[in-house]
Amino acid sequence: MTPTDRVPLIGHRELERPLAWRDGAPVTCARFLAEAAALAERLPAGPHLVNLCEDRYRFTVALAAALLAGKTSLFPPSRHEQALARVFAAHPDAGAIAEDAVPGCAGPLVLYPPDLGADEWSGAVPAIPADRLAAIVFTSGSTGVPQPNEKRWGNLVASGTAERAALELPAGGFSVLGTVPPQHMYGFESTVLMPLAGGGALHPARPLFPRDVQAALNELPAPRVLVTSPIHIRALVEADVMLPALELVLSAAAPLAPELAARAEQRFATRVHEIYGFTEAGQVATRRTTASPVWRTMNGIRVVSAGDGWAVEGAMIDGRVPVSDLIRRLSETEFVLEGRATDIVNVAGKRASLADLNRALTAIPGVDDGAFHVPERADGRVARLMAFVVAPRQTKREILAALGRTVDPAFLPRPLVKVERLPRAATGKLPLEALRALEAEQASGGRLPGPDGE
């Protein structure tokens, strides 16, 4: 990538092709480019733009408008005032765009216009310098304070193109619906960049409930891709809804149990794939969950030795990025994920992965959601594990009995706390701060149990 390289804003060959679908009607590439150009003239001054649009199409238009205006987009990890305060403190020259007023927005805010009044685009597709700093994406903060990560346009486009190829989606067009937000790296890459660079079309909504997912998918033409998380997959599998034909279900943000993936494949007559990645590097590898535990890197990415651990490098990654997870490398392009470095717990001389424990817990029939947690102790020693579980139809005794059939007794949670729901982020991740808050509430005698009073 050199300073003279330029990369097209979209990867579609024909401007008449749809880039999005709204209410069952296509939004053409020509319309998208015209709206992006019109919006670029209305953005606030300054080199940075905080993109708070929740409508996925408007988010994408705002991203394109910022690129056309020479601005860098900032994607906060959430809309919470504390998260926004950190972003604006680090970038006091930033403006923002959103569909409505946002509490905590410290910079000049432009409300997304209901009608941009733009004519159809008739010129060539704009090309953006490949080394342009296109976006700064923040980590989720699940293990601490969210950290910024710079992303250049050439790498982002290469990532979207590589993902489409790795998932074997047709270059001639596909439709994407996401239940995850576009501001997070997974949602940004899979629901925005992949259709933008790979010739696909996106749905503007982010549906939450199974019937909303069904309705949105029915507005899209085949082949359809659902970009989601394990908790949404479980809800869809257990709901009484019939989805239209799906080419692919894509999952990330949390480990996906092979048993749940198999149920989804059978229930919806589709294939279920996972994406492995992290914000610092972006997406790295894919696998079909029911076929193999082996992850295969996307085109051009290699797993290389880095001191006592491993790192990834390649065409879509600036430099060499360390892998914080515990992996067993099989080759430069294949590996097995064995857990996160912060995910391994040692109890009574025995080691286990929290991800594996969570999989065992949520695989129990009647458990809708659940998570193990390692309580903090003042002396730094590992305390007895605790777990929070959403299981309105199961007693704690039944859950512990089922768990004891697959988990070493040393790792059985004491206590097991029933809750009405887990405070997951929009991505499906469960922030460490949320687990600590649940722990504190349970310790103080707060009302955490479900309606059966257990």
Practice prompt. State whether the residues of region 263-280 include one that is in contact (Cβ under 8 Å) with a residue 40 or more places away in the chain and open to solvent by 80 Å² or more (accessible area, probe 1.4 Å).
Written response: yes
Considering residues that are assigned to a loop (DSSP other than H, G, I, E, B), buried (at least 16 other Cβ atoms within 10 Å of the Cβ) and out of contact with any Ser or Thr (no Cβ under 8 Å at 6 or more places or on another chain), the number found within region 207-225 is 1
Here the residues within region 44-55 that are of a type outside the set (D, E, K, R) and open to solvent by 10 Å² or more (accessible area, probe 1.4 Å) are PRO44, ALA45, GLY46, PRO47, HIS48
Scanning region 289-309 for residues that are closer than 18 Å to VAL157 by Cα and not in a strand (DSSP E or B), the one modelled with the highest pLDDT turns out to be MET298
Assigned to a helix (DSSP H, G or I), surrounded by 20 or more Cβ atoms within 10 Å (Cβ to Cβ) and in contact (Cβ under 8 Å) with a residue 12 or more places away in the chain: is that true of LEU250 in this structure? no
Condition set open to solvent by 20 Å² or more (accessible area, probe 1.4 Å) and in a strand (DSSP E or B), scope region 310-320, selection nearest to VAL294 (Cα to Cα): answer is TRP310
*Restrict the check to region 164-184 and report whether at least one residue is in a helix (DSSP H, G or I), within 19 Å of ARG56 (Cα to Cα), under 14 Å from the mean Cα position of the chain (by Cα) and among the aliphatic types (A, V, I, L, M).*
no
Subset of region 321-349, residues outside any loop (DSSP other than H, G, I, E, B) and touching a Leu at 6+ places or on another chain (Cβ under 9 Å), comes to ASP325, LEU326, ILE327, ARG328, VAL336, LEU337, GLU338, GLY339, ARG340, ILE344, VAL345, VAL347
By residue number, the members of region 387-437 that are open to solvent by less than 40 Å² (accessible area, probe 1.4 Å) and among the β-branched types (Val, Ile, Thr) are VAL389, VAL390, ILE399, VAL407, VAL417, VAL419, THR427
Expected output for region 58-69 (first residue touching a residue at least 12 places away in the same chain (Cβ under 8 Å), partner among the aromatic types (Phe, Trp, Tyr) and surrounded by fewer than 24 Cβ atoms within 10 Å (Cβ to Cβ), Cβ below 6 Å, 6+ apart or cross-chain) is ARG58/TYR112
- prompt: For ARG211, are the conditions met, namely being closer than 20 Å to LEU19 by Cα and of a type in the set (Lys, Arg)?
  reply: no
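The values are calculated or read from the model by the stated rules, or taken from the named source; none is laboratory data. Since we're looking at a predicted model, the values are computed, not measured. A quick note on method: Cβ atoms are made from the backbone with ideal geometry, for glycine too, and the neighbour counts reach across all protein chains shown. Ligands, DNA and RNA are excluded from the accessible area calculation, which covers all protein heavy atoms including side chains. Shrake-Rupley method; radii C 1.70, N 1.55, O 1.52, S 1.80 Å.
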